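Presented below is the structure to which this report refers.
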Amino acid sequence: AHNREELIEKVDNAEQYSSRIIVEYMVKELQEINCSVLGDCDDYQTSVLEQPLTSQDILTYTDKYMGGTKGAQGMAASAKKFPADLPEVETKRIQFLAGETFRVLSCHGVSRVDVMIEGASAPDETGCRKIYVNEINTIPGSLSFYLWEATGLSFDKLMDKLVQLALKRKRESAMKTVSYDQNI
């Protein structure tokens, strides 16, 4: 919604579908950026950043999943720019936020963290505009392989790394002691 009248109209429409509605602050001049994280919560690396390109104000379902040609459809063919064209300080900040999101949620394997930059915001004392973590995709489409290829890790090496991480986690889990004080 761009104004109060549109907001009222959108809320009225949403009430037809749910008794609970979340109204959030509008990020002005929204710029979506995605970063993949690979590893485990204690030892991880971040990928180059991607910027999904949109045909409208926001990334639509059609932009993300219905784009492409006969040979390549969906997300693999959706328009994106990587590495994202950002100042170095914002790139580093987003990679840090993606890694911290992965770490505090105790993630393992590969994830993709999506952030939003408020393009209309003035840079803070660090030189970054306002950056919001929007979501983490713990099983990202295509395992975000294209971000890892752009980072220098081939698809084969990404698969090898994921298998190694799974085996490491299984070994660590097998060394734990589990006990119950009740006979179930």
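Among the residues of this structure, residue 133 counts as one that is free of Cβ contacts under 8 Å to residues at least 40 places away in the same chain, assigned to a strand (DSSP E or B) and under 30 Å from residue 159 (Cβ atoms).
Conditions (1) in contact with a Pro (Cβ under 7 Å, 6 or more places away or on another chain); (2) on the phi < 0 side of the Ramachandran plot, marked per residue:
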{"residue": "109", "(1), (2)": "no, no"}
{"residue": "120", "(1), (2)": "no, yes"}
{"residue": "133", "(1), (2)": "no, yes"}
{"residue": "137", "(1), (2)": "no, yes"}
{"residue": "146", "(1), (2)": "no, yes"}
{"residue": "150", "(1), (2)": "yes, yes"}
{"residue": "179", "(1), (2)": "no, yes"}
{"residue": "183", "(1), (2)": "no, yes"}
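One residue stands out among those in the range 2-52 that are open to solvent by 40 Å² or more (accessible area, probe 1.4 Å) and under 24 Å from residue 166 (Cα atoms): the one that is modelled with the lowest pLDDT, which is 42. Going through (1) under 22 Å from residue 152 (Cβ atoms); (2) touching a Lys or Arg at 6+ places or on another chain (Cβ under 7 Å); (3) modelled with pLDDT of 90 or more; (4) not basic (Lys, Arg) one by one, residue 75 falls short only on (3). Checked against the criterion of being open to solvent by 70 Å² or more (accessible area, probe 1.4 Å), in contact with a Ser or Thr (Cβ under 6 Å, 6 or more places away or on another chain) and modelled with pLDDT of 95 or more, the candidates 92, 130 yield just one match: 130. Note on the range 138-160: residues that are open to solvent by 70 Å² or more (accessible area, probe 1.4 Å), part of a helix (DSSP H, G or I) and of a type in the set (A, V, I, L, M) amount to 0. Of 163, 110, 115, all but one fail to be open to solvent by 50 Å² or more (accessible area, probe 1.4 Å) and at pLDDT 95 or above; the exception is 163.
The values are calculated or read from the model by the stated rules, or taken from the named source; none is laboratory data. Nothing here was measured: the structure is a model prediction, and the numbers come from that model. We place every Cβ from the backbone using ideal geometry, glycine too, and count neighbours over all the protein chains shown. Ligands, DNA and RNA are stripped out before the accessible areas are found, and what is left, the full protein with its side chains, is counted by its heavy atoms. Shrake-Rupley method; radii C 1.70, N 1.55, O 1.52, S 1.80 Å.
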